[in-house]
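Just so it is clear, none of the values below were taken in a lab; they were calculated from the coordinates. Note that this is a predicted model, so its numbers are computed, not measured. Here the Cβ is made from the backbone with ideal geometry for all residues, glycine too, and neighbour counts use every protein chain on show.
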Amino acid sequence: MRKILLFSIVLISGFLLTGRLFYLQILDTSYASLSENNAIKRFFDYPQRGHIYDRSGNLLVSNQPSYDVMVIPREVKPFDTLEFCGLLKMDKEMLINRLKKARVYSPRLPSIVIPQLTKSEYAYLQEKMRKYEGFFIQKRSLRDYQIDYGANFLGYIAEVNYKDIEDNPYYQSGDLKGRTGVEKQYEEVLRGVKGVKYIQKDRFNRDIGPYKNGSLDTLPSPGKDLTLTIDSDLQQYGEDLMINKRGGIVAIEPSSGEILALISAPNFDPALLVGRERSRNFTKLYYDSIAKPLFDRGLQAQYPPGSPFKTLNALIALQEDVVDSEEAFSCHGGYFYGSHGRKLGCHHHPSPLSMIPGIANSCNAYFANVYRRVIEKYNTPQEGMDVWKNHLESFGLGGYMGTDLPTGQPGFIPDSKYYNKAYDYPKYKWFSTATISNSIGQGEVSLTPIQLANVTAAIANRGWFYTPHILKSIEHQTELIPEEYRTKNVTTIDASNFEPVVEGMFGAYNYGTAAGIKIPGIDICGKTGTAENYTRIDGHRAQLTDHSIFVAFAPKDNPKIAIAVFVENGYWGSRYAGKIASLMIEKYIKGEVTRKDIEEYVLSNSLEDEYAKPLSGKPFPINDGKKISGVPKKVEL
């Protein structure tokens, strides 16, 4: 019995050992994989990023070669750190810190030690790197900007962070990714697909050639080229006109919703965010809390729209059938309302006025009357306010526009809930006069420049618009543009109600508030605007010089361009914003500028003194010089 038991134990043990060996050598490939990982190295071949062109085929952004010094921490052997630091022109402490950071990321994967070497630096280092095991040079491509403007919409690329790598396994340490603008929005289209090369190494970690004769290698797929809707000549001209000024300009082609110009001032040269100085330059731009060059005022700044908003109130009043284009209202220096005789002031002009001359002359009293009729048409002001807001929302207001750009702001259109809370309703009732500032685009209403440009395009089209977008085609294929940018949006206003408003805007250029900036040979429809401007100084609300606002489209029939211009602290509508809009319209339609007097005025004048006033700590005049602010001690920006 003992012999049988012993024999059985030996036999079973033999079967188990044989089975285990069979599993390890034949079925289980994990050790083979570990062996291959030690003997086979994977290297990425980075593709060229897609080029970016303007609507006319002018090259805006291309590529230039760049070289990164990489490290695989576990392969590093002892080396002369002082000599190595001398080659890389870096101090020893920085090198040690970057090696520690690389090991934390991964001992087995490559990390950047020194990014973005130049061609000359690469030529000097490539032969010397052989003596430093674990280090190698990786070729990449950086952006090469052919223009020194448009940084706000082009965006920039930068090295990925840990979150990018965790969120998307495509990215490895050292990879570059679009961070803002078009570069961010169309990252997956522009970046292409990395190629992979497998190199076999011997036991001394020396390269012995492609693994499996390169049969597993893949070639990189270059990124796709983008054509933008931007007119680069118009963009550059607009940025030149905004030198020494702050604000935003958006120009749109009404028939398509294509963005012709997207200007934020002040702007910066996009080349500042390329190369080894990128981090230092970005820090300077980021911490400029006064001019805020990284803040895209065309998409993000939320301003009171001022008098251009009157065109919308006119359209709503016509649609709600509370007024016709012939009814006139008197104006005696403004509109008086409330039991205490409060006044909504107005400038001097003929009186009484109906809708068309009311728009042309920008009469506050006319639009206060019209606005009240809209709100008071309904049983309660709450109901009237919500009807009013519903009309405005059909123009794309009160929410995000949905453009194909990665940033923006919704602006604000108040509704009944907002005022119920503000006035503690039902404890205290409120009426249409409590919101009368909405009639002239002041008070609680705020819009971004792109929203106001889109409103202007909708008026130019007599009631419809395409969502503004900046992409024209991908590899010259327009059908790749998302359907949402090729779908027509229709407002709640009947097409017939737009004609009086268009005539009023046309009158502004012919005999109204914009008559002095008329452009010969072009039928332009426009609307001036002046919006009150406030900030906080030493904890107190203080008034600054008014914003200058202007909207326009041209020609009157079959319009080719719609534009909105905001110039911060620019006094009144026609002083800066109107002149800039007129010049840009002429530049786009004619290809040249004939009103050299207007151009000279805009180019030669600066508003930097206005922007310095609240920082001076001294009393300062605003607008016409009659108003004096208090003595500021500290300004909150």
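What GluC sites (Glu not before Pro) does region 439-532 have in DSSP loop regions with at most 13 other beta carbons within 10 Å? Answer in residue order: Glu475.
In whole percents, the pair-distance distribution calculated for region 89-220 from its alpha-carbon pairs, binned every 5 Å from zero, is 2, 8, 13, 18, 19, 18, 13, 6, 2, 1, 0. Mean residue ellipticity, 222 nm, helices only, the chain: the sum of -39500 (n - 2.57) across DSSP H runs of n ≥ 4, divided by residue count and rounded to 500, is -9000 deg cm²/dmol. Dipole check for the chain: with +1 at the C-beta of Lys and Arg, -1 at the C-beta of Asp and Glu, and the Cα centre as origin, the magnitude is about 2780 Debye.
Rounded to the nearest 0.05, what FRET efficiency is calculated for Ser106 and Gln146 with R0 set to 41 Å and r the Cβ-Cβ distance? For Ser106 and Gln146, the calculated efficiency is 0.65. Each label was represented as a point 7 Å from its Cα along the Cα-to-Cβ direction; for Thr283 and His332 these points are 6.5 nm apart. In this structure the amide hydrogen of Phe336, modeled in the peptide plane, comes within under 5 Å of the amide hydrogens of Leu344, none closer than 5 places in sequence on its chain.
Could you tally the net charge around Ile436, taking each other residue with its Cβ under 11 Å from the Cβ of Ile436, Lys/Arg +1 and Asp/Glu -1? Walk me through the numbers before you get to the answer.
Working: positive: Arg342, Lys343, Arg372; negative: none.
Local net charge: +3.
Computing mean projected area of the Cα convex hull in nm² for the structure here picks out one of (i) 44.0; (ii) 31.8; (iii) 27.6, namely (i).
Where the eigenvalues come from the Cα gyration tensor of region 357-491, what are the semi-axes √(5λ) of the equivalent ellipsoid, largest first, in whole Å? If you can, show how the numbers build up before the last one.
Values: eigenvalues 228, 60, 31 Å².
Semi-axis lengths for region 357-491 are 34, 17, 12 Å.
By how many nm would the segment from His340 to Ile40 grow when fully extended, if each residue of separation counts as 0.36 nm and the alpha-carbon distance is taken off?
Numbers: separation 300, 0.36 × 300 = 108.00 nm, distance 8.66 nm.
Length gained, His340 through Ile40: 99.3 nm.
Out of region 269-311, which chymotrypsin sites (Phe, Trp or Tyr not before Pro) are coil in DSSP terms and have no more than 15 other C-beta atoms within 10 Å?
Tyr287
Potential lengthening of the chain between Asp523 and Glu75 amounts to 154.1 nm, from the contour at 0.36 nm per residue minus the alpha-carbon distance. Under a plain spin-label model, where a point goes 7 Å from the Cα along Cα-to-Cβ, how far apart in nm are Lys417 and Asp597? Calculated label separation equals 5.3 nm.
Set the Förster radius R0 to 51 Å, insert the Cβ-Cβ distance between Glu376 and Asn58 as r into 1/(1 + (r/R0)^6), and round the FRET efficiency to 0.05. Don't jump to the answer; show the numbers that get you there.
On the way: r = 54 Å, r/R0 = 1.06.
My answer for the efficiency is 0.40.
Within the shell of other residues whose beta carbon sits under 9 angstrom from the beta carbon of Gly247, the net charge comes to +2, with Lys and Arg scored +1 and Asp and Glu -1. Sparsely packed loop sites in region 579-610 (the trypsin sites (Lys or Arg not before Pro) outside DSSP H, G, I, E and B with at most 13 other Cβ atoms within 10 Å) do not occur.
Per 0.36 nm of contour for each residue apart, how much would the distance between Thr118 and Leu615 grow if the chain were fully extended, relative to their Cα-Cα spacing? Before the final figure, lay out the partial values.
Values: separation 497, 0.36 × 497 = 178.92 nm, distance 4.21 nm.
Contour length minus the Cα-Cα distance gives 174.7 nm.
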